[in-house]
Amino acid sequence: MTPEWIRFYITAGLITIALTGFAFSVIGVWRFDYILNRMHAGGIGDTFSLFFIVSGLMVSASAPIVILKLLLPLLFMWFSSPTSTHFLSQTEYYTSGHLFDHVRRRNSGDTNGH
């Protein structure tokens, strides 16, 4: 088995990476102008940081059932967070007149991509 201090430092490093990711996510949400950019910064920061927090907790866990219990919420968040962000951004796109004028969408029958 690995000594406890090695597991502690690996866990601390992973959680530090996660907290840094959350900090950059908050800065991105605060600094970006458009709502879609803010949603992207929040969604990416959330998914990135959640992965590193759960990875750090998995390293510090000793029982396999605890690792499985940590893995299940991670998988749920990885599937639900991008889906909810997509639906929120579609709602913003269709309800905001300002955004609707500035974003181009491709027609489904357009083969040239223009």
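Based on C-alpha pairs under 8 angstrom that are at least 6 apart in sequence, segment 3-93 has a relative contact order of 32 percent.
If you roll a 1.4 Å probe over the chain with all protein chains in place, what percent of the accessible area is carbon or sulfur?
On the way: 5900 of 8600 Å².
That fraction is 69 percent.
Determine how many Å³ per residue the convex hull of the Cα atoms of the chain encloses.
Details: hull volume 16.0 nm³, N = 114.
Dividing the Cα hull volume of the chain by its residue count gives 140 Å³.
Between Ala23 and Thr91, the modelled labels are 3.2 nm apart [label points 7 Å from Cα along Cα→Cβ]. The residues of the chain present an accessible area of 75 Å² per residue when probed at 1.4 Å with all protein chains retained.
The values are calculated or read from the model by the stated rules, or taken from the named source; none is laboratory data. Fair warning: this is a prediction, and the values are worked out from it, not measured in the lab. Neighbour counts are summed over all protein chains in view; Cβ atoms, including those assigned to glycine, are modelled from backbone coordinates with ideal geometry. With ligands, DNA and RNA removed, areas are computed over all heavy atoms of the protein, side chains included. Shrake-Rupley method; radii C 1.70, N 1.55, O 1.52, S 1.80 Å.
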